[in-house]
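Below is one structure; the comments refer to it alone.
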Amino acid sequence: MNKTLTRIILSFAIAILVWNCKSKETKEVVPQAKDTENEVILEFTKAKEGFISETLFQVAVSSVLESESARAEEAKTIAEQKSLNLLKTYTIPNLSDKGRKELREISKEGKIVDKNVSIGGRYFFLYQIQKTNLKRLVTKDLE
């Protein structure tokens, strides 16, 4: 009985010791972005890309360059290539050289819509191509 009581007390003491010594959970405090910043990030990351309407096509791009002119130039270059690649997905499978050239020209007709938005050093842009019957031209009229 004496040994049993000693074991119970010793087990209880060890349990209390382990309970008190167990490492505390640490929570990393991450500063919450402002609601407006979250909305702006969502606007660009969830921006619809492709045909918005029969006459409007858009892609979203971003830049981390510091200079405003360099950012705009980089955004336009990336956007032209991105729009060309996306426009290709809407054309017929075996597009002729003439059709590919015309598609390249169409992809360069767009304009950067600068929202002057910078979040964490990243600047967001929308590139939009607006042309009459653009969707029909790309999907049906290119050879």
Next item on the list: Starting from the Cα gyration tensor of region 35-141, multiply each eigenvalue by 5, take the square root, and state the resulting semi-axes largest first in whole Å.
Entry: 28, 15, 10
Next item on the list: Show me 134-140, 56-62, 74-80 ranked by packing, highest mean number of other Cβ atoms within 10 Å first.
Entry: 56-62, 74-80, 134-140
Checklist line | Karplus 3J(HN,Hα) series, Hz, for region 75-92 with 6.51 cos²θ - 1.76 cosθ + 1.60 (x for Gly, Pro) | finding: 4, 5, 4, 5, 5, 4, 5, 5, 5, 4, 4, 6, 4, 4, 6, 9, 8, 5
Check: Hey, what's the per residue convex hull volume over the C-alpha atoms of region 57-118, in cubic angstrom?
Finding: 81 Å³
Check: Lys pairs in region 35-141, Cα-Cα under 13 Å, at least 8 apart or on separate chains: how many?
Finding: 8
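Just so you know, all these numbers are worked out from the coordinates, no wet-lab data involved. Fair warning: this is a prediction, and the values are worked out from it, not measured in the lab. In this analysis, Cβ positions are derived from the backbone assuming ideal geometry, glycine residues included, and neighbour counts consider all displayed protein chains.
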